[in-house]
1. Among Ser461, Val379, Leu593, which residue has its Cα positioned farthest towards the positive end of the charge dipole of the chain, with +1 placed on the Cβ of Lys and Arg, -1 on the Cβ of Asp and Glu, and the dipole taken about the Cα centre?
2. With only alpha-carbon atoms in the gyration tensor, what are the semi-axes of the equivalent ellipsoid for region 1-144, in Å, largest first?
3. Among the GluC sites (Glu not before Pro) in region 198-283, which ones are in a DSSP loop with at most 12 other Cβ atoms within 10 Å of the Cβ? Mind listing them?
4. Return the long-range amide H neighbours of Leu428 (sequence gap of 5 or more, or a different chain), with a cut-off of under 5 Å between placed amide H atoms.
5. By DSSP, what percent of the beta bridges with both residues in region 443-544 are antiparallel, rounded to the nearest 5?
6. Over region 443-544, with a single point scatterer placed on each C-alpha, what log10 of the ratio I(q)/I(0) does the Debye formula yield at q = 0.13, 0.16, 0.20 1/Å?
7. Name the trypsin sites (Lys or Arg not before Pro) in region 187-285 that are in a loop by DSSP and that have at most 15 other C-beta atoms within 10 Å, would you?
8. First select every other residue whose beta carbon is under 9 angstrom from the beta carbon of His25; then total the charges, Lys and Arg +1, Asp and Glu -1.
Amino acid sequence: MSARADGLARVEDRRLLTGRGQYVHDLRQPGMLHAVFVRSTHGRARLIAVDLQAAQDSEGVVAVIGPDALAGRFMPPINELVSGMQLPNCPLLAQGRVDSVGQPIALVVATSLQAAQDAAELVFVDYDAEAAQGDMAPGAPPLGKVRHQTSGAAPANVSHRVRVSHQQPRVIAMSLEPRAALAHWDAAGGTLTAWLGTQAPSRARADIARTLDVPLAQVRVIAPDIGGAFGAKASVSPEDLVIAFAARQLKAAIKWTSSRSEEFMSAAQGRGAKLEGELSLDAQGRFLHLEARLQFPMGAWLPYSAVVPARNAARILPGPYRVAAVDIAAEAGMSNAAAVNIYRGAGRPEAALLMERLVEMAARSAGMDPVELRLRNLVEVEAMPYATPTGERFDAGDYRLALQKACARFDYAGERQLQTQRRAAGELVGIGIAIYVEPCGQGWESARVTLHADGRVHVASGSAAQGQGHETSYAVIAAEVLGCEAAQVSVDHGDTATSPEGVGALASRSMAIGGSAVAEAARMAAARRDAGEALPITAGTVYTAPSEGWSYGCVIARMAIDRDTGQPCIERLVWVDDAGRIISPQLAEGQLLGGLAQGLGQAMLERIVYDSEGQLLTGSLMDYAVPRADDMPPIELESLAFTTQANLLGAKGVGEAGCIGVPAALLNAAADALSPLGERSLDFPLTAERLWRAMQPT
Ligand code: SMO
């Protein structure tokens, strides 16, 4: 590949690392107008009046679109994974009331961004404030419930029983480019083109067509370069749809770029679940019964994948362990805060956090080493494929080997000795382990491969990219099947006019499903080439995975906590991950490290805070800490490669792994460090202040 020849890992890197990326905000259209949203300043209120007149009269203003213009238009239906949900209609612009700070009320469109911002200040909104409801407020009706319950009597031979309660904070996705939309209505052709920061261009297209009430063929969505998305750009926002609506209404090109502050207030957030569990063991340390109660916050409106985290956490428990019986219930409820959507891991981190914390406490309660207890309960490689008590199917993997490899690399026995010595010298130092499973790659994806007479190969994928490097990895996959150089292969994605309809880049599915589609289309094209058909040849396919692949891995971390200040220091982190077949080792490592950084951020630094009136107290990077390079610990990575039969490539997911295993291992390490002081309950983020408070006598 040409980019490799000059030492770059990815064909995308030259463009992205030299400032030549084209993000939505970089794009221009002739006569383009600029848009600014007027947003709710209240967490919950009745709207008495919205007066647009002064803004409309302001210099440079082309139009002000208020609630009336969008009355009766609602967010598209969501992915209803849970039966019997009571789903509200979520308006595009506030209708008579607001239910979260930052909710869009009106849109000001002007000839310059400055003029739009000035005029937005002139929109007069009169509120009658109401008492806001926070996440998991008692008495709030659940929107939907998931339950997994094995039948049979309660176990009789319980020898130990441990309980865990953990409150995750909400966090933000922190993309390089916040949400952005540029929509252009071509009056002559009656078509709308929308450049959108989206992980799922085809669904965004369908959502826009539905909102505008036009046939699908009249809408084109283009996802240009996207500086990360992490789930938060998997579903359209009300803002995206309002911009598309305004472009058609005004027969114009209109651009909106979210400011970082708007992003904190109104983009979909992640996590925020309350996790409670109880694990029962027999005298030999075998897991008898898991009871789990999971509450997921939804916020004030519902993105397409809003229910996914609750569903995932419930089905993934009890993680990689044999547990004879389970009673797992998850529910989700709305609140006066930003929406919560899938975020890197989407329920998998919650399952790992609860289970690994329970296992660690069970070991302490039973007086067993936590490694020994895990080895006793992990599903064995001989048992694969393995049917879990929640009806899932582990396809391939050796969980014990992952733990043993991690222990060997970490020098677990030696590290425990060192810990004993340091504790004797007065230090607070802990070792935390987490083993996780990571289901990925459900459903279908599309690809089209064209072989040209001059040897060039062209791949068009229905999966988009958000910075992962699909232009590199899909080229590698096609080249391998076709027996050519990856440099001969060019890859298109993200444009609904030039790529086949697809699902998109989410849920760690891009290699497993998107990559399998590329491989299948390449095989079909090669077969026709080999049969002597004249070039160019195009082959297209929609590949559907027969089942899910389950990645897994083991993280072991050592954390020291300063006795005087509570300052934590992650001194070592060993991580063994099995993502099945790896297409590009460099890209896979990048995904692991990126996920690790985000997982570390959630464990150690990040927290969205609302006050009791629903005001956002962490609305900027002055109040909200994301991890930086010097927060990263020394990292030792190893891989296993048990390929899966769940897709053509044998690839499993890799992008979300760091957010799943790392936070659980860090929580266990912190709890272990403080354990000489007595049992302490710890919530994220594990800041120096929180750890210091936890160290004080109770
Ligand atoms: S949390 Mo992901 O982008 O499905």
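1. The residue sitting farthest along the positive end of the dipole is Val379.
2. On the way: eigenvalues 267, 155, 36 Å².
Rounded to whole Å, the semi-axes are 37, 28, 14.
3. Working: sites: Glu239, Glu262, Glu263, Glu276, Glu278; in loops: none.
Counting only loop positions with at most 12 other Cβ atoms within 10 Å, none of the GluC sites (Glu not before Pro) in region 198-283 qualifies.
4. Hits under the 5 Å cutoff: Ile561, Arg563.
5. Details: 13 of 18 bridges.
Looking only at bridges with both residues in region 443-544, the antiparallel portion is about 70 percent.
6. Computed log10 I(q)/I(0) values: -0.37, -0.57, -0.88.
7. Values: sites: Arg203, Arg205, Arg210, Arg220, Lys233, Arg248, Lys251, Lys255, Arg260, Arg271, Lys274; in loops: Lys233, Lys251.
In loop regions of region 187-285 (DSSP not H, G, I, E or B), the sparsely surrounded trypsin sites (Lys or Arg not before Pro) are Lys251.
8. Numbers: positive: Lys255; negative: Asp26, Glu177.
Net charge around His25: -1.
We did not get these values from a lab; they are worked out from the coordinates using the rules stated. All figures in this text were calculated on a predicted structure; none of them were measured in a lab. Here the Cβ is made from the backbone with ideal geometry for all residues, glycine too, and neighbour counts use every protein chain on show.
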